Every structure is written in structure tokens, then in C-alpha cells.
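The values are calculated or read from the model by the stated rules, or taken from the named source; none is laboratory data. Small disclaimer: the values here were computed from a predicted structure and weren't measured. We place every Cβ from the backbone using ideal geometry, glycine too, and count neighbours over all the protein chains shown.
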């Protein structure tokens with residue numbers, strides 16, 4: 001019940017913030033009509049339960065590979081002690097001064113988890129991972145090994161935190177299905193909106209000339225409840241390492257196709 005109440009508070013706060021946010025007349029969103037949307041089962045998924053596998057990936061993602069984590073805002077590996085040790089002074093201040101304590105706590109858990117998973121990839125301590133917050137919610141991470149680019153994105157929905165890491169440009173798009181009856185067209189519209197958001201977030205990162213023209217793809221994510229999640233990637237995805245999903249990806253793919 002405590003988690004359910006926390007989720008309700010977070011959802012209500014996000015709704016109020018969304019309703020207050022001004023809309024810019026000059027802002028243009030990128031077209032997604034040429035983005036192919038693949039079912040989750042189309043790529044080769046390796047699924048791991050957080051309780052058994054924890055969060056460890058011991059090398060940065062290779063080309064064509066994506067690493068994903070789905071964690072709750074009460075994630076046990078992001079304890080208060082770890083948050084105090086791993087987050088920077090600015091990050092702790094940002095969480096502490098957030099007008100909604102639940103959202104501040106969620107940010108702390110997300111940033112601590114991001115530092116934890118990257119520390120395993122970079123073979124360093126979590127507080128030694130360099131994470132910079134750029135405009136438009138863009139997160140920039142420096143690979144201390146210097147052996148290739150690394151891109152990250154973090155998205156939120158209720159109590160859930162999604163973290164994505166890849167060598168290609170990536171963006172997470174999340175749309176929540178409204179309560180009440182809905183039809184196939186409405187569901188498809190949500191997936192399209194999630195894909196649009198994901199690509200807009202991915203295009204915030206600067207493309208490298210050596211990579212050539214992008215080949216945008218959208219990978220549907222098996223999210224809990226009525227959440228539609230899409231990861232936009234500017235390169236083909238062949239392999240996915242996913243941590244934290246409890247239901248089978250094959251079942252999710254069948255549900256999306258129905």
C-alpha cells in the first residue's frame with residue numbers, strides 16, 4: 001500500500017506539472033514516419049532478474065547492443081547510504097530541493113543506479129563516474145577508457161525508472177495509457193507518441209560524422225501496467241541486455257501484436 005500511495009502521489013504531481021508546462025509555438029518535433037517500430041521479441045534479448053543478476057555489465061555496450069534497466073524508486077541497491085556517497089553535491093542538492101519529495105527521491109535512486117551500472121562498465125567507483133547534465137535533460141557520460149562513445153538516457157513513469165546505455169544515440173519515450181476503455185487505434189497512437197518522444201530525446205545528442213547517416217529504429221519495451229515504452233536508436237539493434245523485467249518478452253510481443 002505504501003508503494004501504491006507513493007505511485008499515486010508521483011503520478012498526480014507529474015500530471016500537474018504537465019498541465020502547467022507552457023507550449024512553445026516555435027518548437028518543432030522530428031518526424032517519425034520513417035522510424036521502423038520493432039516488437040520487443042525482434043531483437044535477441046537476454047533477460048535477467050535484478051535479485052539474481054543485480055545490475056552488472058562489465059564492459060560498455062558494443063555496436064548493435066543496448067543495455068536496459070527497469071528499477072522501482074525503492075530500489076534496494078540504491079540505499080540512502082549509497083546515495084549520499086555516490087551522488088555529487090549538486091545532485092544531492094537537486095534531489096533535496098525538489099518541490100515533491102517523492103520525485104526527489106526517485107531522481108536520487110535513478111542517478112545512484114546510473115552511476116552504479118556505469119561503474120561496473122568502467123571498472124571504477126560509482127562516485128568516480130563523470131555525469132554531466134546538459135540542457136533539455138540530456139545526460140552526458142565520459143568513457144574514461146576512451147574506447148568509443150557511450151550514450152545514456154533515463155526516463156520515468158510513476159514509481160518506475162528506465163535506464164538505457166548504448167554506443168549509438170538513444171532516447172527513451174514513455175506514454176501512459178489513460179484509464180477506461182480504449183481501442184486499437186488509441187493504443188497505436190500511444191506507441192507512436194512514445195516513439196516520437198524517444199527520437200526527439202535521441203536527437204539531442206550530437207551525431208558523429210564517422211557514423212554516417214542515422215538508421216532510426218524503435219525498440220518496444222515490455223513495461224508494466226498501461227505504460228507504452230519505446231527506445232529510439234539511430235543504429236540497428238541486434239542484442240539487448242535487460243535487467244528488471246519479470247514477465248517474458250515473448251508474451252509481451254504477442255500482446256503488442258494482438
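From the list 88, 73, the one residue that fits, being touching a helix residue (DSSP H, G or I) at 6+ places or on another chain (Cβ under 7 Å) and either modelled with pLDDT of 90 or more or surrounded by 13 or more Cβ atoms within 10 Å (Cβ to Cβ) (or both), is 73.
Return a yes/no flag: does the stretch 99-115 have any residue that is out of contact with any strand residue (DSSP E or B) (no Cβ under 6 Å at 6 or more places or on another chain) and more than 21 Å from residue 72 (Cα to Cα).
Let us first name the residues in the stretch 99-115 that are out of contact with any strand residue (DSSP E or B) (no Cβ under 6 Å at 6 or more places or on another chain), namely 99-109, 111-112, 115.
Now narrow it down to the ones that are more than 21 Å from residue 72 (Cα to Cα): none.
No, the stretch 99-115 has no match at all.
Scanning the stretch 66-107 for residues that are touching a residue at least 60 places away in the same chain (Cβ under 8 Å) and either under 18 Å from the mean Cα position of the chain (by Cα) or assigned to a strand (DSSP E or B) (or both) yields 66, 67, 68, 69, 70, 71, 72, 73, 74, 75, 103, 106. Only one entry of 181, 144, 126, 135 meets the criterion of being more than 17 Å from residue 231 (Cα to Cα) and buried (at least 19 other Cβ atoms within 10 Å of the Cβ), and that entry is 126. For the stretch 52-59, indicate whether the set of residues that are more than 19 Å from residue 164 (Cα to Cα) and either at pLDDT below 90 or surrounded by fewer than 16 Cβ atoms within 10 Å (Cβ to Cβ) (or both) is non-empty. Yes, the stretch 52-59 contains at least one residue that is more than 19 Å from residue 164 (Cα to Cα) and either at pLDDT below 90 or surrounded by fewer than 16 Cβ atoms within 10 Å (Cβ to Cβ) (or both).
Return yes or no: is residue 199 in a loop (DSSP other than H, G, I, E, B) and modelled with pLDDT of 90 or more? Lay out the reasoning, then the answer.
Working: in a loop (DSSP other than H, G, I, E, B): no; modelled with pLDDT of 90 or more: yes.
No, not satisfied.
Could you list, in sequence order, all residues of the stretch 202-248 that are assigned to a loop (DSSP other than H, G, I, E, B) and under 12 Å from the mean Cα position of the chain (by Cα)? Explain how you work it out, then say what you get.
Our first condition is that a residue be assigned to a loop (DSSP other than H, G, I, E, B); within the stretch 202-248, this holds for 203-208, 212-216, 222-226, 234-238, 244-248.
Within the stretch 202-248, 223 is the sole residue that qualifies.
Of the residues 251, 207, the single one that is modelled with pLDDT under 90, surrounded by fewer than 22 Cβ atoms within 10 Å (Cβ to Cβ) and over 17 Å from residue 171 (Cβ atoms) is 251. On inspection, residue 165 passes the criterion of being out of contact with any helix residue (DSSP H, G or I) (no Cβ under 6 Å at 6 or more places or on another chain), within 25 Å of residue 202 (Cβ to Cβ) and surrounded by 15 or more Cβ atoms within 10 Å (Cβ to Cβ).
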